[in-house]
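The values are calculated or read from the model by the stated rules, or taken from the named source; none is laboratory data. Since the model is a prediction, treat every value here as computed from it, not as a measurement. Note that we place each Cβ from the backbone using ideal geometry, even for glycine, and neighbour counts take in every protein chain shown. Please note that ligands, DNA and RNA were not included when accessible areas were found on the heavy atoms of the full protein model with its side chains. Shrake-Rupley method; radii C 1.70, N 1.55, O 1.52, S 1.80 Å.
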Amino acid sequence: MTDVVFSHHHPDHTLNAALFINARAHDVWAAYHNHLWYDRPADGYQLSPSIRLIETPGHTPQDISTVAETAEGTVVLTHAWWSVDGPAEDPISDDHEGLRASRRKILALKPALVVPGHGEPFVPDENNPHLNPAPKTRRRDRAQLGIGLCDIPWAPVVLARARSRWPGASFSFA
């Protein structure tokens, strides 16, 4: 593992980052490797010729998404959606309009596959009515939603899911 991307800094997405002691870590503000900290904006940052970061605030103000260009199409790893089944409106977000704008930004990329923060990868299409929902104001906490903590960092989990979904695709960070 050469790179770990933190979509945001909630514990369920950063918990075991230290397991990857030689990997570069990336967040919205910087890249970190060993004892060095490299300030840079995330938006447009290239991890490799086929993998870049984009800023997608909404779930938190510091959210970023990983965009991978593959032979099968664009794959976006993001927390703009929890899963293909919802919830339609992010119960943790304090910026629902920002989240809707980030969802529109991602969908404008015409992704072949979206790998959400807490669910199986899905193909965005008109059969996913919650992809860009109307505003709602009700918030629910994680306990009400039955969401627990992941045991490993977000990026490796979703890459493994994407690899299992598209076995022939290349998702390396070379």
Please give the peptides 37-50, 106-119, 69-82 ranked by average Cβ packing (other Cβ atoms within 10 Å per residue), highest first, as a rough proxy for protection.
69-82, 106-119, 37-50
Tell me the per residue accessible area of region 1-115 using a 1.4 Å probe; a whole number in Å² is fine.
43
Using Cα-Cα distances under 8 Å and only pairs 6 or more residues apart, what relative contact order does region 56-102 have, in percent?
46
